Amino acid sequence: MRYLPHTSDERDAMLARIGVASLDELFADIPAAQRLEGLLDLPHGASEMAVERQLGNLAARNIAAGSVPFFCGAGAYRHHVPASVDHLIQRSEFLTSYTPYQPEITQGTLQYLFEFQTQVAALTGMEVANASMYDGSTAAAEAVLMAHRLTKRRKAVLSGGLHPHYAETIRTLSFMAGADAGLLPADPLADEDIMAQIDAETSCVVVQSPDVFGNLRDMRAIAARAHAQGALLIAVFTEVMALGLIEPPGAMGADIVAGEGQSIGNGLNFGGPYVGLMATRQNFVRQMPGRLCGETLDAEGRRGFVLTLSTREQHIRRDKATSNICTNSGLCALAFTIHMSLLGAKGLRQVALLNHAKAVALAQKLTGIAGVELINQSFFNEFAVRVQGDARVLVEKLAKTGVLAGVPYARLAPQAGLDDILLIAVTETTTDDDANALVAALAGALSC
Amino acid sequence: MSTVYFTKDHEYISVDGDIGTIGITDHAQQALGDVVFVELPKAGATLARGKEAAVVESVKAASDVYAAASGEVVAVNTALEGAPGMINEDAQGRGWFFKVKLADKAELANLMDAAAYEAFLKTLD
Amino acid sequence: MLNNQGRPTQPEKASASYRTFTGNRGLQMEEALIFETGRLDVTGVDCEVPAAFTARLGGLERRAALDLPGLSEPEAMRHYVRLSQKNYSIDAGLYPLGSCTMKHNPRLNEKMARLPGFADIHPLQPVATVQGALALLAQLGHWLTTMTGMAAVSLVPKAGAHGELCGMMAIKTAIAARGEAATRRVVLVPDSAHGTNPATAALIGFEVRAVPARADGTVDPAAVAALMGPEVAAIMLTNPNTCGIFERDIVAIAEIIHEGGGYFYCDGANFNAIVGKTRTGDLGVDAMHINLHKTFSTPHGGGGPGSGPVVLSARLAAFAPVPFVRASEAGLELVEHVTGQSFGRMSAFHGQMGMFVRALAYMMSHGADGLRQASEDAVLNANYVRVCLNDIMSSPFGARPCMHEALFDDEWLKGTGITTLDFAKAMIDEGYHPMTMYFPLVVHGAMLIEPTESESLASLDLFIMTLRDLAFSAQRGETERFTGAPHLAPRRRLDETRAARAPKLRWTPPLPAAAAE
């Protein structure tokens, strides 16, 4: 086996040094009745070539987004990631390093986490950010529990513009934790009256912008109403690229921000691994879950970085920790940081503007098709259209013609009664040919 | 003249009339190491003996501080919030946590005096 | 010593205090933060500029400043390469972190995960266009359930602790389905457990009750029996446990829990010791998470991403979260919405696909034979280290065999003035990452060494000789080698108290007053 260095002679010599006659003696604590004598009923080991062939065959049975006109979004976006990002994250010292608990020999990881935290705080317009969460949905669920700890209340109000997967993730964790998370009906027109739901028992209001239908939401009045009732505003996003162009949640009164960072630095990967972003106010930081990196000095007075405020975390606080979370999304956060460092504010704004321009152009083209109606007043790079018939059927039909036309809202929430809503995402990777292919395919499918 | 009593959780209460000043002992601050954060009760809060009243944290540990006696919190050492190192420097002096108006002085009979606490510490080694 | 031609003729003492203008020490470069070197009008990404158009942002254009500098590509490359050079890594040296399992990360796995057919597919594409991805999920599930002898698996959890949460939510749901939600509220957790165990149980409203350990570091079935009652929902037990010992009475413990109406959650952090040697299901376990980043070698990546699939017994299978893959006449399908007794959804999408590809490549490469050999070699290596050190270092539980990690305490350092931490920091100067320290909590000054199966005999021997040299040095009272360590790392010891007292968690521009100093 190519990954195991010992020869059988070496194994024998080691057993002799240990003073046992056989390897089995080392496993003597396993009860005899439960000890496996033969091999597991699984294939034997395979050469690198053989594994590559088998997995290559599986990969070939999928349609890669980059190979077709592609318009899927709804929480995962296909952006261009510079080649240098993937090269750098594969450096041994990043890829094969552990959590930086020994800061003297992990300053590389710690410094990029400090840069990451600074970038996330700046993008979201918040004072502090943590070193990342698993993904946007779990970050949102953790944000709700964090709000409960801060307000000492147990009731969350969830906007109907929230991505249904995010809403479900929040509701599962809240239910299990014995807290209340009421969800408003799906709100494609962004005209829900969420402020009427906020009362003196409300811990937090959770609002997504751009919402799952692509609408941009002005949260200022909601924040003011929440704060007047002693509640917090949690702002959620699934498309971090939008923050290059739109007012950040921190400037609209958000107390906690939780979102998905995949768009910067990270590919689609069929849903994971992604990188959850979480940011908040400085005075809330002790109730924040997840790792935090902070600046300090070493014994020679040189600047250095360490994981800090660890007493919030499970390995010290155990059953009184702010969360059970242990892992962050280290390497994905690194990819985010490198890509963001390459972009800078200038590049981010340019890419975001291009996303928006292409989306606006496609939306205009689509409204010219009979049977397609744009429902958004505002959007960034994703919008919702109402189509004739069931959008799920339409999307499958178009997939057969080689166009991945978007995500039917009913795939996310079949019970919502919005079977005719199709979510269409456009990024800088979408070409004019792609857009024309979608227009032609939709026109063709809806006319027959 | 105040009398000082101790708990097995390494809190002290220094009693002067019906006011008790509560903090952690010098032994506790040494065991904890550099204190980096304290969370103190609010003035006016009513504490029950043995219940969690405050939190004290070092870099690697967090400990609850329990109320050594029942009563209403009448003063809080807010200076600790900006300078938690005072607890390491002078745990049983400037490093006090909060003062309570004792609800029941009879509770003090359950606590150790200085000599008993010294003896108790010896049993821990 | 240099001669008059500048040729080194005699070795001289290393000088850690040698000062340079840059702060660099040869190949070890100091590196500023990007916020100090980048400029706001620079970007390393070229981007087409759209023609003028009417924005549809609804009046929510960004007005807040965004002070994030950009770097050109050469600047970015240099910056992150220099940062990388400040990190220890498994590729560069033995990484003996007990419980963390720092084994070799095969590069084939990286290559496979980057195939466009896996890396460039969207989680919400029509399922007909991702049949290969669903087949991969199904195959991975088959490997995991076969290895563990369990009925079902959920691939959803994004890390080990998320897996614990998944398993415990399934247990909570199963208990509620029996109508015992109000009464069964206690979870038994040994003191030696990972912090995530009590944190997970408490997060979802369980009360945690401690289980004491026997003198040999294992759990006594009698202690479990004494704690078992109608209020107990589950036990969370790590096996092999955090002391590196197989819980030899695990079957009896499972029986006690089951007879009392509870469930057995096993923390699978140490599954890498027993793959192919015994099956979790045969031991009576109801749920166990498997850290793909430990046992199946997906890279730790400096702290993630992880992946924590959970295998479930037949009693719990129905309560698994969505989504999951199911075979149908049309091929493989994804069940994305709650049907029956599933406890629901615990994250967006289907789990850590990128990690699944890597883990499956690892499993297929090893096969049933290689996986068993990997477990055996991991245990062999740990015992070799244990035996070669136990004459000079002390073991809390005597000279008994261990599983994949060897545990020492600090009894042998008594009177030297050197702590476990000092000893570990001195290892850094010798070119080693320290072992896990002060964990498990039940052992004083614990040092937990897990060499893994990836280390050759020569590598182990050098490691052992180094630790022996350090140990003799400690016992001779050469405290300077320890209390000041590390001397040669990119940084000396860092002031964690300073970091925590006035947390500085992001870069901010220097204040004018400070700049004038």
When N counts the residues of chain A, how does its alpha-carbon radius of gyration compare numerically with 2.2 N^0.38 Å, as a ratio?
1.12
Heavy-atom accessible surface of the range B:3-116: percent carbon and sulfur, 1.4 Å
48
Pick from A:F379, A:F213, A:F270: which residue has the top mean-square fluctuation in a GNM of chain A where Cα pairs under 10 Å get a spring?
A:F270
At a Cα cut-off below 26 Å, give the lysines reachable from A:K397, other chains included and same-chain residues fewer than 8 away excluded.
A:K358, A:K365
On average over all directions, what projected area in square nanometres does the range A:145-268 have, based on the convex hull of its Cα atoms?
7.4
So, for chain A, what is the accessible surface per residue at a probe of 1.4 Å, expressed in square angstrom?
30
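Give me the Å³ per residue figure for the convex hull around the C-alpha atoms of the range A:83-339.
On the way: hull volume 32.6 nm³, N = 257.
That works out to 127 Å³ per residue.
Please compute the per residue accessible area over the range C:110-363 with all protein chains in place, 1.4 Å probe, rounded to a whole number of Å². If you can, show how the numbers build up before the last one.
Numbers: 5950 Å² over 254 residues.
Value for the range C:110-363: 23 Å² per residue.
Could you give the length gained by full extension between C:A177 and C:A215, i.e. 0.36 nm per residue of separation minus their alpha carbon distance, to one decimal place? Kindly include the intermediate steps, with their values, before the conclusion.
Working: separation 38, 0.36 × 38 = 13.68 nm, distance 3.85 nm.
Once the chain is fully extended between C:A177 and C:A215, it gains 9.8 nm.
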Given charges at beta-carbon only (K, R positive; D, E negative), |dipole| of the protein assembly as shown in Debye:
1060
What are the extents of the Cα atoms of the protein assembly as shown along their three principal axes, listed from largest to smallest and rounded to whole Å?
91, 83, 78
List the residues of the range C:335-349 whose accessible area drops by at least 50 Å² when all protein chains are present, compared with their chain alone, using a 1.4 Å probe and counting only protein heavy atoms.
C:H337, C:R345, C:A348, C:F349
Give the residue from A:Q282, A:S378, C:T280 lying farthest towards the positive end of the charge dipole for the protein assembly as shown; charges sit on Cβ (+1 for Lys and Arg, -1 for Asp and Glu) and the dipole is referred to the Cα centre.
A:S378
Might you report the magnitude of the Cβ-based charge dipole of the range B:3-116 about its Cα centre, with Lys and Arg at +1 and Asp and Glu at -1, to the nearest 20 debye?
180
Across A:L184, A:L245, A:L55, the residue with the highest GNM fluctuation in chain A (Cα network, 10 Å cutoff) is A:L55
Portion, in percent, of the accessible area of the range C:61-110 that falls on carbon or sulfur, probe 1.4 Å:
50
Is the C-alpha gyration tensor of chain B telling us rounded, prolate or oblate? Criteria: a/c under 1.5 is rounded; beyond that, a/b larger than b/c is prolate, otherwise oblate.
oblate
Among C:316-322, C:289-295, the order from most to least packed when residues are scored by Cβ within 10 Å on average:
C:289-295, C:316-322
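Averaged over peptide C:402-409, how many Cβ atoms belonging to another chain are found within 10 Å of each residue's Cβ?
Mean shielding count: 1.
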About the Cα centre, charge dipole magnitude for the range C:110-363 (Lys/Arg +1, Asp/Glu -1 at Cβ), debye
420
Once Lys and Arg get +1 and Asp and Glu get -1 on their Cβ, which of B:L47, B:L111, B:L124 lies farthest toward the positive end of the dipole of the range B:29-125?
B:L47
Hydrodynamic radius of the range A:8-60 per Kirkwood, over alpha carbon pairs, in Å
14.7
Relative to the first principal axis of the alpha-carbon coordinates of chain A, what is the inclination of helix A:330-367, with its axis defined by its Cα atoms, in degrees from 0 to 90 and to the nearest 10?
30
Sum of side-chain charges, C:S454 neighbourhood, beta-carbon under 9 Å (Lys, Arg +1; Asp, Glu -1):
-2
Once you've got the GNM for chain A with C-alpha springs shorter than 10 Å, pick whichever of A:M133, A:M288, A:M49 has the biggest mean-square fluctuation.
A:M49
If one compares the long axis through the Cα atoms of helix A:391-400 with the longest principal axis of the Cα atoms of chain A, the angle in degrees, nearest 10, works out at 60
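Only loop residues by DSSP count here, and only those with at most 10 other Cβ atoms within 10 Å; note down the GluC sites (Glu not before Pro) in the range C:301-342 that meet that.
Filter output for the range C:301-342: C:E329.
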Positive-end extreme of charge dipole, the protein assembly as shown - chosen from C:I392, A:T296, A:A410 (charges on Cβ)
A:A410
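List the accessible area buried at the contact between A and C, summed over both sides and calculated with a 1.4 Å probe, in Å² to the nearest 100.
Numbers: alone 22540 and 26600 Å², together 32000 Å².
It comes to approximately 17100 Å² buried between A and C.
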Less than 15 Å apart at the alpha-carbon level, and either on another chain or at least 8 residues along: which aspartates and glutamates does that give for A:K155?
A:E142, A:D180, A:D199, A:E201
Each label point is 7 Å from the Cα along the Cα-to-Cβ direction; what then is the distance between the points at A:Q388 and A:A228, in nm?
4.7
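The values are calculated or read from the model by the stated rules, or taken from the named source; none is laboratory data. The shown structure was predicted, so the numbers you read here are calculated from the model rather than taken from an experiment. Quick reminder, even Gly has a Cβ in these numbers, built from the backbone with ideal geometry, and neighbours come from all protein chains shown. All accessible areas refer to the heavy atoms of the entire protein, side chains included, with ligands and DNA or RNA removed. Shrake-Rupley method; radii C 1.70, N 1.55, O 1.52, S 1.80 Å.
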